[in-house]
Amino acid sequence: MLTDAVSFAAAANADAIDQLRAVGREFHARRWSLGTSSNYSVVVSRDPLELLVTASGKDKSGLTRDDFVRVDAAGRVVDGTGRRSSAETLLHCTLAGMIPSVGAVLHTHSVWGTILSAADLPRGSLRIAGYEMLKGLEGVATHDTVEEVPIFANTQDMVELSVRLRRHFAGIDWAAAGSPPCHGFLLSGHGLYTWGRDLAEARRHIEIFEFLFECVARARMLPAGDRSPAALAGHRQSQQHQQQQ
Ligand SMILES: [Zn+2]
């Protein structure tokens, strides 16, 4: 029976690895994970917490079955001898430990995410509002939504960044009913982290966020200024306010 259990776990891991390899090929093709950038993980055990995560320095366009390691809640490799886990493994572990529903964490380095995360670092978050595509984020039911994507200053010190994440998200009841208060965050000049209950949901969140980042950035570039739904709504409100005076 033990052998059956072990082989079942091995098969489940192989399946998860193949799904993550497919994510790598897709994200590379869509220019969200060029070169060895980005890292991906799935939760393979909750008690104790263990994640399957991409190994360090692997090209995401051609991940092999050997390009993954299994890590514990502290990011230590428990399976995958001779391979180092991704440098940002601790962030995956922190998110999975903090949010009980997380089944997968994905991280990308897109052009638009990189530009916007640097531009809006001084205000501490990227505001996305009024777009129909916001409904692609879990629990969001209307375009009339404001998604504030927190932006953290970039660093190579993952322990320090992990502490900042915990501090920022402290007090959030992730199990509360309704839309989650946050679906992802940005590292300045670096990229996006998002997650989902499973890999499919996390993949969808990447796709939705990357679409929205491009909309926000391109709207700011239009000759007439920011024509995003949020900016236009703000303009209409100020016009009504002036008319009432
Ligand atoms: Zn990164």
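Annotations for the structure displayed:
- Flag for residue 3 being under 24 Å from residue 110 (Cα atoms), of a type in the set (Ser, Thr, Tyr), modelled with pLDDT under 90 and surrounded by fewer than 17 Cβ atoms within 10 Å (Cβ to Cβ): no
- Options 196, 191; residue that is under 19 Å from residue 162 (Cβ atoms) and touching a residue at least 24 places away in the same chain (Cβ under 8 Å): 191
- Matching residues, segment 62-86, being in a loop (DSSP other than H, G, I, E, B), away from the ligand (no atom under 16 Å from the Cβ) and of a type outside the set (D, E, K, R): 62, 64, 73, 74, 80, 81, 82
- Residue tally, condition within 16 Å of the ligand (Cβ to nearest atom) and modelled with pLDDT under 95, over segment 175-206: 0
- Verdict on residue 227 being modelled with pLDDT under 85, closer than 21 Å to residue 149 by Cβ and of a type in the set (Lys, Arg): yes
Yes/no matrix, rows are residues, columns are (1) of a type in the set (A, V, I, L, M, F, W, C); (2) at pLDDT 90 or above; (3) touching a Gly at 6+ places or on another chain (Cβ under 8 Å):
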| position | (1), (2), (3) |
| --- | --- |
| 8 | yes, no, no |
| 36 | no, no, yes |
| 53 | yes, yes, no |
| 64 | no, yes, no |
| 75 | no, yes, no |
| 79 | no, no, no |
| 83 | no, no, no |
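- Residue tally, condition more than 13 Å from the ligand (Cβ to nearest atom) and buried (at least 19 other Cβ atoms within 10 Å of the Cβ), over segment 27-41: 1
- Members of segment 87-117 found to be farther than 18 Å from residue 70 by Cβ, surrounded by fewer than 24 Cβ atoms within 10 Å (Cβ to Cβ) and either away from the ligand (no atom under 15 Å from the Cβ) or among the hydrophobic types (A, V, I, L, M, F, W, C) (or both), listed by number: 98, 99, 100, 101, 111, 112, 115
- Here residue 52 fits the description: closer than 20 Å to residue 206 by Cα, touching a Ser or Thr at 6+ places or on another chain (Cβ under 8 Å) and away from the ligand (no atom under 16 Å from the Cβ).
The values are calculated or read from the model by the stated rules, or taken from the named source; none is laboratory data. Source: prediction; values computed, not measured. With ideal geometry, Cβ positions are generated from the backbone for all residues, glycine too; neighbour counts draw on all protein chains shown.
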